Amino acid sequence: MVDSTLPKEFSVALKGALSLFIVGTHISSLCQPDEALLWLRVCNLLTPLALVFFFFLSGYGLMTQLRLRTLRTPTTSPAALWVGWLPRRLWGLIKPFLFFFLVATFFLFAGHGFDNLSEGLYRFKINLLIWKLGIPGPLTAAWYLLELMVLYAFFYFSFRYVRRWGRAVLLLTALTLVMMLVAWQVPFGYYWLRYPLCFSVGVAYSIYERNIYKQIKKHRILCIPVVLFLMGVYIWSVQTFPNQPVVLILTSHLAYFALPVMLTALSKAWGTTDLFMRRVHDPVGSALMWLGGISLETYLLHMSFVNFFRSPVIYIQSPLLYLVVVYTATIFGAYLIARYLRVLVRA
């Protein structure tokens with residue numbers, strides 16, 4: 001029996017590190033080109049991969065929980081396993097969305113001054129209008145939660161009514177492709193098309209993890225040039241997007257789907273995952289675990305501070321000071337919310 005290639009502590013720490021890249025990218029979006037610090041350029045390069053991993057980890061975690069429940073209660077009927085499952089999962093996404101939507105609305109008005117309500121109302125109206133583009137304004141980062149709601153529903157119908165998991169993955173993938181087609185036709189922003197298939201990849205990886213890991217470990221030396229090639233395609237895709245023909249865009253995104261599988265399995269094969277698990281309580285490991293524990297709050301809060309500290313009320317001119325203040329306010333605010341207001345955020 002192969003140990004999990006994605007222990008819970010490792011995946012939590014990974015989410016903590018990846019959330020920092022996403023914050024940096026949105027900070028960069030309000031900076032001029034000549035203000036782009038090295039860290040912000042790194043964030044811009046790695047954020048698509050970070051979002052790929054977030055969808056991959058969501059699918060992997062959901063399927064792993066289902067597998068464990070099935071093993072623990074082998075005599076329970078399939079219908080009993082799913083009682084109340086979808087409402088609980090959807091509420092687990094809707095609850096933080098509602099809380100941070102209110103927080104983001106407060107900062108939207110605060111950024112234009114409460115003595116200038118007409119401007120705040122105008123900006124709020126604009127943010128409501130962009131819902132039709134798949135952006136749940138004013139909380140622009142929450143498209144991730146909306147897309148996960150749809151994917152959770154697809155997961156439920158696929159695995160609730162299809163007995164064989166292999167076929168259920170195929171149905172999940174087909175439903176996801178239909179969602180992407182609809183989002184493209186609406187049209188929603190490209191981020192609705194770029195990442196959701198990685199959720200299905202995570203689900204499939206959880207099911208076939210042992211066989212995939214066995215093959216990658218066996219050929220781990222040969223996998224190195226494959227990973228380097230995939231990273232090259234990924235970097236080219238990020239740096240040239242969207243100035244590519246549609247065929248090349250779709251082809252290059254195949255690298256996105258393969259990278260989390262290859263990197264996760266190779267990390268285990270080369271001992272990196274086990275090394276982290278042995279040092280999980282060291283300062284670095286503890287810090288990453290702590291960040292991972294508040295990664296949801298960090299993700300949903302940071303846009304409020306990104307906009308607020310470059311608003312008419314408070315505008316931080318220095319790019320370095322702006323970066324430091326946004327990171328500090330976001331992480332400290334996320335900690336306070338997770339520590340004292342958890343009942344309002346987490347289901």
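Tilt of helix 319-340 relative to the longest C-alpha principal axis of the chain, in degrees (0 to 90, nearest 10)?
60
Mind checking the full-extension length gain between LEU117 and LEU133? Use 0.36 nm per residue of separation minus the Cα-Cα distance, one decimal, nm.
Between LEU117 and LEU133, full extension yields an extra 3.2 nm.
Quick check: with the 1.4 Å probe, what order do PHE188, PHE332, PHE101 take by accessible area, largest first?
PHE332, PHE188, PHE101
Report, in degrees rounded to the nearest 10, the 0 to 90 angle that the Cα long axis of helix 209-218 makes with the longest principal axis of the chain.
So the helix axis and the longest Cα principal axis differ by about 80 degrees.
For the peptides 54-66, 202-214, what is the packing order when you average, over each peptide's residues, the other Cβ atoms within 10 Å and list the highest mean first? Kindly include the intermediate steps, with their values, before the conclusion.
On the way: 54-66: 22.2, 202-214: 19.4.
The peptides rank, most packed first, as 54-66, 202-214.
I need the phi-derived Karplus couplings for segment 250-262: 6.51 cos²θ - 1.76 cosθ + 1.60, θ = phi - 60°, integer Hz, Gly and Pro marked x.
5, 5, 5, 6, 4, 5, 4, 6, 7, 4, x, 5, 5
Please build a GNM for the chain, connecting alpha carbons under 10 Å apart, and tell me which residue among VAL83, VAL226, VAL23 fluctuates the most.
VAL83
In what sequence, largest accessible area first, do TRP184, TRP39 appear using a 1.4 Å probe? Don't skip to the end; give the middle numbers.
Values: TRP184 150, TRP39 95 Å².
Per-residue accessible area, sorted high to low, gives TRP184, TRP39.
Using only Cα atoms and rounding to the nearest 10 degrees, what angle (0 to 90) does helix 165-185 make with the longest principal axis of the chain?
Roughly 30 degrees, rounded to the nearest 10.
Roughly how big is segment 1-121's charge dipole about its Cα centre, with Cβ charges of +1 (Lys, Arg) and -1 (Asp, Glu), in debye to the nearest 20?
Working: 9 positive and 6 negative charges, 177 e Å.
Charge dipole, segment 1-121, about its Cα centre: 860 debye, nearest 20.
What is the Cα radius of gyration of segment 194-347 over 2.2 N^0.38 Å, N being its residue count?
1.33
For the chain, with only Lys/Arg (+1) and Asp/Glu (-1) charged at the beta-carbon, what is the dipole magnitude about the Cα centre, in debye rounded to 20? Each step should come with its number before you reach the end.
Numbers: 29 positive and 11 negative charges, 293 e Å.
Rounded to the nearest 20 debye, it is 1400 debye.
On the accessible surface of the chain, probed at 1.4 Å, how many percent belong to carbon and sulfur atoms?
69
When all protein chains stay in place, what accessible area (Å², nearest 10, 1.4 Å probe) is found for LYS217?
Answer for LYS217: close to 90 Å² accessible.
Given the options SER304, PHE276, PRO242, identify the residue whose Cα lies farthest towards the positive end of the charge dipole of segment 195-347 (+1 on Cβ of Lys, Arg; -1 on Cβ of Asp, Glu).
PHE276
Given the options LEU148, LEU300, LEU98, state which has the largest fluctuation in a GNM of the chain using a 10 Å cut-off (strictly under) for Cα springs.
Of LEU148, LEU300, LEU98, the Gaussian network model singles out LEU98 as fluctuating most.
If DNA, RNA and ligands are ignored and the probe is 1.4 Å, what is the ranking of TRP82, TRP165 by accessible area, most exposed first? Please list the in-between numbers first.
On the way: TRP82 15, TRP165 75 Å².
Final ranking, largest accessible area leading: TRP165, TRP82.
For the chain, with a Gaussian network of springs between Cα atoms less than 10 Å apart, report the residue from THR264, THR73, THR273 with the top mean-square fluctuation.
THR73
Rounded to the nearest 500 deg cm²/dmol, what is the calculated helix-only ellipticity per residue at 222 nm for the chain, with -39500 (n - 2.57) per DSSP H run of length n ≥ 4?
-26000 deg cm²/dmol
In the structure displayed, which of LYS8/LYS218; LYS218/LYS268; LYS8/LYS268; LYS214/LYS268; LYS15/LYS268 lie more than 20 Å apart, Cα to Cα?
Too far apart for the 20 Å limit: LYS8/LYS218.
The values are calculated or read from the model by the stated rules, or taken from the named source; none is laboratory data. The structure displayed is predicted, hence computed values, not measured ones. Positions of Cβ are backbone-derived with ideal geometry, glycine not excepted, and every protein chain shown enters the neighbour counts. Just so you know, the surface numbers come from the protein's heavy atoms only, side chains and all, with ligands and any DNA or RNA stripped out. Shrake-Rupley method; radii C 1.70, N 1.55, O 1.52, S 1.80 Å.
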